[in-house]
Amino acid sequence: MLSNLHDLIPGAELWPHFVRNHSEQFEARVAMVEVQPSASILLAGMAGSRMPIAVAHGEGQAEFSNSAQLRSLQDSGTVALRYVDNRGQATQAYPANPNGSPEGITGVTTGDGRVTLMMPHPERVFRAVQNSWAPADWDEDGAWLRMFRNARVWVN
């Protein structure tokens, strides 16, 4: 929904539209993403992190009007998340990229970082017990809890 409102969000002019997955089906699974360096308030201090995340959508493919829009978005530093493969490389290959977005793009933010849009669902894996596997040193907190703590810090 936010991608369709990009005309109303300052700094979101380069955002893509999110359209039907390349697979033409609803995708529900866990995928791996890497947090990109950006001004996102939600992802502050998380750049470079590679973490599993829940995916559940039928329309998650980032669609750009042309290659210049894609390049401009990448050059602007507003790409926030990318799907990565087993080697940690941004990927368009299915199933590591469940929707077929170019360059693995699955999250974007505004230039000031106040609005972040992502297609995966970190709210479904923010606790250790919500993950199908977690390292032994994860007591209660999952990797994505940091994002919600960042939001709380910003609001205070």
Considering only segment 59-73, state which residues are surrounded by 15 or more Cβ atoms within 10 Å (Cβ to Cβ), of a type in the set (Gly, Ala, Ser) and not in a strand (DSSP E or B). 60
Somewhere in segment 126-133, is a residue farther than 13 Å from residue 33 by Cα, touching a Phe, Trp or Tyr at 6+ places or on another chain (Cβ under 7 Å) and without any contact (Cβ under 8 Å) to a residue 60 or more places away in the chain? yes
Tell me which residues, restricted to segment 109-156, are in a loop (DSSP other than H, G, I, E, B) and among the acidic types (Asp, Glu). 112, 137, 139, 140
Among the residues of segment 91-106, how many are over 14 Å from residue 52 (Cα atoms) and either assigned to a loop (DSSP other than H, G, I, E, B) or of a type outside the set (Val, Ile, Thr) (or both)? 10
Looking at 80, 28, 39, 56, which one is of a type in the set (Gly, Ala, Ser) and in contact with a helix residue (DSSP H, G or I) (Cβ under 9 Å, 6 or more places away or on another chain)? 56
If the Cβ limit is 6 Å and pairs must be 6+ apart or interchain, which residue in segment 3-19 that is small (Gly, Ala, Ser) pairs with which residue that is at pLDDT below 75? 12/6
State whether the residues of segment 74-86 include one that is more than 24 Å from residue 10 (Cβ to Cβ) and assigned to a helix (DSSP H, G or I). no
Exactly one condition in (1) of a type outside the set (S, T, N, Q); (2) within 13 Å of the chain's Cα centre (by Cα); (3) outside any loop (DSSP other than H, G, I, E, B); (4) within 24 Å of residue 129 (Cα to Cα) is not met by residue 28; state its number. (2)
Within segment 31-58, can you find the residues that are outside any strand (DSSP E or B) and surrounded by 19 or more Cβ atoms within 10 Å (Cβ to Cβ)? 36, 38, 40, 41, 42, 43, 46
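The values are calculated or read from the model by the stated rules, or taken from the named source; none is laboratory data. From a predicted model like this one, the values you see are computed outputs, not experimental measurements. Cβ sites come from the backbone with ideal geometry, for glycine too, and all protein chains shown count toward neighbours.
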